[in-house]
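Take a look at the structure set out below.
Read-outs throughout are calculated quantities, based only on the coordinates presented, and are distinct from any laboratory measurement. The model shown is predicted, which means the values in this text are computed figures rather than measured ones. No Cβ is skipped: glycine too gets one built from the backbone with ideal geometry, and neighbour counts run over all protein chains shown.
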Amino acid sequence: MADDAPFPEPDDAARSGAGSASWEPYQSPQGGRGGALRLLRRYAFSITAGTIALAIGLLIYFAPTRLTAPPADDEPTSTLSVDSQPPGAVVIVGADTAGVTPINNHPLSPGTYLVTIDRADYGSRDTVITLSAGQSAALSPRFSRDESSAAAQDQAAARSEGSAPAGLSPGEPSPSSPSPSPPGPGDETPGSASDSPTADGRPDPSTAPAAGDIAPVTGTLVLRATPGRATVALDGEEVGATPATLTEVTTGTYEVTFSRPGHKTVTRRVDVSATDTATVTATLKRRTGHLRVLVRPWGSIYIDDQRRAENSDVWYDTTLPAGPHTITARHPALGEKSRPVTVAPQDTQSVIVDLREQ
């Protein structure tokens, strides 16, 4: 039975020689594959995050905006340059602030702009410029103070011109344009600077603006009213009667008042600009009052030679425009009698005409 035992006894194993069989633990053939799987599980999060970051970077780098070339500008840009004296004036173009002078080649789209140049303690000036495609404009306002007053005065100049030829700075005359000849002794005109010197002998700058100065920006205002010949006032100052066309009206907002005797006053607000003609129309309604007429003993009633009642012995009521009127009562036997009456606006006037009185 000892020969049929499945495993040798320890004593038998000890007595076995080097070439005899021995016992070893069992190992699975797939045991070597577990190491790579454990590494993948351990670094799965880091590998996933790196892959996502790489994909996002590639999307950003190859985005359509980077691959598409920017569209070319079909329309050249216009520019505006402002150089004030003294410098440091704030320049506002339309509703945007362009900066503080001096400003060189501020880009603008073609169009019409209201340019405001404001210098602290000196005042401000407005001017309108129109720029076409590729055109350049230069403004050279000069501010000054009145020596006899601490308040800032409205003394400024602006010069707007087109693009200068190549090699010339803005404001420099073209070689093809003739240069003005100096005036002779008898070329002075009345009202020139030499005719109005100041107390110290120097020309008065208020009577003769320097070269490059411009007048305030003005516009046109048309005034109409029904009925016509209505008196018109701008901000309380009478300017004439309708119909009227006012030119060289300083740009801004005004309160226009239309008035006419016996009519209600109408007020309108209007904005005057240099690029358009402003038109203001008004319809004036008549002021009215109430009139009551009684004829004794009886008779026909005429108002302003128009028959209103025939053989009436009761009160006649009517509404009339405010102002003077004439009432006439007629009787076939007692004759006629006339009386003037003034109807007050929004009031009642009562008149009794007694044909029996002499």
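Taking 0.36 nm per residue of separation and subtracting the current Cα-Cα distance, fully stretching the chain between Thr277 and Glu357 would add 22.5 nm. Along the axis of the charge dipole computed for segment 218-358 (Cβ charges of +1 for Lys and Arg, -1 for Asp and Glu, origin at the Cα centre), the listed residues Ser350, Ser273, Val222 are led at the positive end by Ser350. With the highest mean first, a sort of the peptides 303-314, 259-270 on other beta-carbon atoms found within 10 angstrom per residue produces 259-270, 303-314. Could you tell me the center-to-center distance, by alpha carbons, between segment 78-126 and segment 288-326 in angstrom? One Cα centre to the other: 69 Å. Length available on full extension from Glu237 to Asn105: 0.36 nm per residue minus the Cα-Cα distance, which gives 43.3 nm. Annotation: amide H-H contacts under 5 Å for Leu284 (H modelled 1.01 Å from N, sequence separation of 5 or more, or interchain): Thr226.
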